[in-house]
Amino acid sequence: MAIAHYSPLPAEIDDPVTLKEAVALFRRTGHPAGETTLRSWIREDGITTVRVGKTAYMSWTDLIQAHARRTAAKLRASEQP
């Protein structure tokens, strides 16, 4: 007899992460990004979020790409004489 598998994570996102998890992971990079900043990136880049109950999930890959673009731009700007 098969048992239906239920996962609380959204099937629409391959690599789901919550905002709090993303903040903690970015803190370890040396280029931290807070919740407010991540919310702005999600809105600006049109990153898909999926709610499961009260928790919102988004793609970790999408957040990493947004972080990389903005960090690279910030580093380039800081190198200007």
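Restricting attention to the range 14-40, report how many residues are assigned to a loop (DSSP other than H, G, I, E, B) and not basic (Lys, Arg).
If we filter the range 14-40 for residues that are assigned to a loop (DSSP other than H, G, I, E, B), which is where we start, we get 14-15, 28-34.
With not basic (Lys, Arg) added as a condition, the list becomes 14-15, 29-34.
Count: 8.
Out of the residues in the range 22-38 meeting the condition of being surrounded by fewer than 14 Cβ atoms within 10 Å (Cβ to Cβ) and free of Cβ contacts under 8 Å to residues at least 24 places away in the same chain, tell me which one is farthest from the chain's Cα centre (by Cα).
GLY30
Test VAL52 against the criterion of being at pLDDT 90 or above, under 26 Å from PRO8 (Cβ atoms) and of a type in the set (Val, Ile, Thr), and give yes or no.
On the way: at pLDDT 90 or above: no; under 26 Å from PRO8 (Cβ atoms): yes; of a type in the set (Val, Ile, Thr): yes.
Considered against the rule, which asks whether it is at pLDDT 90 or above, under 26 Å from PRO8 (Cβ atoms) and of a type in the set (Val, Ile, Thr), VAL52 comes out as no.
Among the listed residues ALA66, ALA72, ALA2, ALA11, identify the single one that is assigned to a helix (DSSP H, G or I), at pLDDT below 95 and aliphatic (A, V, I, L, M).
Details: ALA66 fails: at pLDDT below 95; ALA2 fails: assigned to a helix (DSSP H, G or I); ALA11 fails: assigned to a helix (DSSP H, G or I).
The match here is ALA72.
The values are calculated or read from the model by the stated rules, or taken from the named source; none is laboratory data. Small disclaimer: the values here were computed from a predicted structure and weren't measured. Reconstructed Cβ throughout: ideal geometry from the backbone, glycine too, with neighbour counts over all protein chains shown.
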